[in-house]
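Accompanying notes for the structure given below.
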């Protein structure tokens, strides 16, 4: 990935995606290590946290449980992930995405399965559960459960349209 020019590692370290995901992983690590007191301890670091969030345009709450493989394609448009979310492996956010909670949503109320992708400006508002291999089209608004796998969600509010190609 670096090619013959080793200085390219700096391009990776200062990229918006790296800074945003690093901030989430750093805060998530402290939260899982320290526990609830981290909510109060992080106040000391809020100026630095806000600076990194404004640079990266990624607001991923440290209480969100995201498994490995998070990919953000266009961070300059911005992405928000609520602390109420539990996300499986290999989530792809295209840009302008929101994974948020409506009134009455509790911790763990938004569950997104493995290998899901969200098109540009797609919004998921919980409480809801999405299955594995779900593709959410651009500008779709998902407010209802879709526990099936291999579905395409399209429209406002989003409805399942057929099956997508299975990836193994």
Out of all the residues in segment 85-100, is one or more under 20 Å from residue 127 (Cβ atoms), assigned to a loop (DSSP other than H, G, I, E, B) and modelled with pLDDT of 95 or more?
yes
Does residue 144 fit the bill of being over 15 Å from the mean Cα position of the chain (by Cα), under 25 Å from residue 83 (Cβ atoms), part of a loop (DSSP other than H, G, I, E, B) and free of Cβ contacts under 8 Å to residues at least 60 places away in the same chain?
yes
Would you please name the residue that is modelled with the lowest pLDDT, looking only at residues in segment 1-17 that are over 26 Å from residue 50 (Cβ atoms) and in a loop (DSSP other than H, G, I, E, B)?
1
Can you tell which of 45, 41, 26, 22 is in contact with a helix residue (DSSP H, G or I) (Cβ under 7 Å, 6 or more places away or on another chain) and not in a strand (DSSP E or B)?
41
Hey, residue 156 surrounded by fewer than 19 Cβ atoms within 10 Å (Cβ to Cβ), within 29 Å of residue 37 (Cβ to Cβ) and without any contact (Cβ under 8 Å) to a residue 60 or more places away in the chain or not:
no
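The values are calculated or read from the model by the stated rules, or taken from the named source; none is laboratory data. Bear in mind the structure is a predicted one, so any value in this text is a computation, not a measurement. Reconstructed Cβ throughout: ideal geometry from the backbone, glycine too, with neighbour counts over all protein chains shown.
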